[in-house]
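Just below is one structure, and these are the notes that go with it.
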Amino acid sequence: LPLVKTEEMDNSKGAEGSEQESRTVGIKLSGAAVINKDNMVGVIDSEAVRGYLWVRDEEESSVIVTDNEKGGANIEVLDSKGDFDVSVESDGTIDVNVKVSAVCTVGMVKGHHEKDEKKLTEILENDCRNVIEKEILKVFDESKRLNTDFIGIANQLNQTDSRAWKEYKNSGHGENYL
C-alpha cells in the first residue's frame, strides 16, 4: 500500500498582486507499507517500490536519474515491460529470472560526457540498466528482510508449475510464501 505524507510547502505566493507568502500543504508519496496476512510487516522506500513496479510490469512512466564519475542524466521512461519466471533448483532454492525492457528518452545530460553520440548512448543505456537492476535487487532484498512474499513469487511458481510449488511448499521451505 502506498505511504502518503503531508508536507508543508513554503514560499508560495498568495493571491495575484499580494506580496504575502502563504503556506500550503501538499501530499507526497514516500514508499509503501508491506502487508502480510492483514498485518503491516514493514515499510519499503521509493527505490524498492519502483523495483517492485519493474518486476510486476506496473512501471508506467517515471524519470531515472543516473550518476557516474563523469556526470549523469535524467532519463524519462516512456514505456516499459516487466516479467519474471520462477523455478525450483535441484538444491531446493528458488530461482527468479526477471526480464525488463524500457523505452526511454534522455531529458538532460549533466557533466562531461562522451561527445560521440553512439558512445554516449551506450554509456546512458548502461547507466540506466544499472539503476533498474539496483532497484530490482533492492525489492528482493526487502522481501527477504521482511520475511514475506509481497512480490508474488509463490503465486507465479504455482501458476507456471503447480507440481513444483506443491513439492517446495511441502518440503518445509515454503512457510514464508503461504
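The values are calculated or read from the model by the stated rules, or taken from the named source; none is laboratory data. Worth saying up front: this structure is predicted, and the values here are computed from it rather than measured. Because the Cβ atoms are built from the backbone with ideal geometry, glycine has one as well, and the counts that use them run over all protein chains shown. Accessible surface areas use protein heavy atoms only, side chains included; no ligands, DNA or RNA. Shrake-Rupley method; radii C 1.70, N 1.55, O 1.52, S 1.80 Å.
Would you be able to say whether some residue in the stretch 84-95 is part of a helix (DSSP H, G or I) and either hydrophobic (A, V, I, L, M, F, W, C) or open to solvent by less than 80 Å² (accessible area, probe 1.4 Å) (or both)?
Looking only at the stretch 84-95, we keep the residues that are part of a helix (DSSP H, G or I), and these are none.
Taking every residue of the stretch 84-95 in turn, none turns out to be part of a helix (DSSP H, G or I) and either hydrophobic (A, V, I, L, M, F, W, C) or open to solvent by less than 80 Å² (accessible area, probe 1.4 Å) (or both).
Is it true that some residue in the stretch 101-124 is surrounded by 14 or more Cβ atoms within 10 Å (Cβ to Cβ) and within 16 Å of residue 56 (Cβ to Cβ)?
Yes, that holds for at least one residue.
Quick one: count up the residues across the stretch 116-141 that are at pLDDT below 90 and touching an Asp or Glu at 6+ places or on another chain (Cβ under 7 Å).
Looking only at that region, the number is 2.
Residue pairs, Cβ under 7 Å, 6 or more apart or interchain, first in the stretch 36-53 and on the phi > 0 side of the Ramachandran plot and open to solvent by 60 Å² or more (accessible area, probe 1.4 Å), second hydrophobic (A, V, I, L, M, F, W, C) and not in a strand (DSSP E or B). List them.
Listed by first residue and then by second, the contacts come to nothing, as the list is empty.
Is it true that residue 175 is at pLDDT below 90 and not in a loop (DSSP other than H, G, I, E, B)?
yes
Could you say which residue among 130, 74 is touching a residue at least 24 places away in the same chain (Cβ under 8 Å), of a type outside the set (Phe, Trp, Tyr), open to solvent by 70 Å² or more (accessible area, probe 1.4 Å) and not in a loop (DSSP other than H, G, I, E, B)?
Numbers: 74 fails: open to solvent by 70 Å² or more (accessible area, probe 1.4 Å).
Answer to the selection: 130.
Please identify the pairs in which a residue from the stretch 1-26 that is modelled with pLDDT of 65 or more has its Cβ atom under 7 Å from the Cβ atom of a residue that is surrounded by 10 or more Cβ atoms within 10 Å (Cβ to Cβ) and not in a strand (DSSP E or B), counting only partners at least 6 apart or on another chain.
Short answer, once both residue conditions are applied: 22/14.
Look at the stretch 106-115 and say how many of its residues are on the phi < 0 side of the Ramachandran plot and modelled with pLDDT under 85. If you could, list the steps in order and put the result at the bottom.
First, pick out the residues of the stretch 106-115 that are on the phi < 0 side of the Ramachandran plot: 106-110, 112-115.
Retained after the next criterion (residues that are modelled with pLDDT under 85): 110, 112-115.
So the answer is 5.
What is the residue count in the stretch 87-117 for residues that are within 21 Å of residue 67 (Cβ to Cβ) and under 22 Å from the mean Cα position of the chain (by Cα)? Full working, then the answer.
Filtering the stretch 87-117 down to residues within 21 Å of residue 67 (Cβ to Cβ) leaves 100, 102, 104-117.
Narrowing further to those that are under 22 Å from the mean Cα position of the chain (by Cα): 100, 102, 104-108.
Matching residues across the stretch 87-117 total 7.
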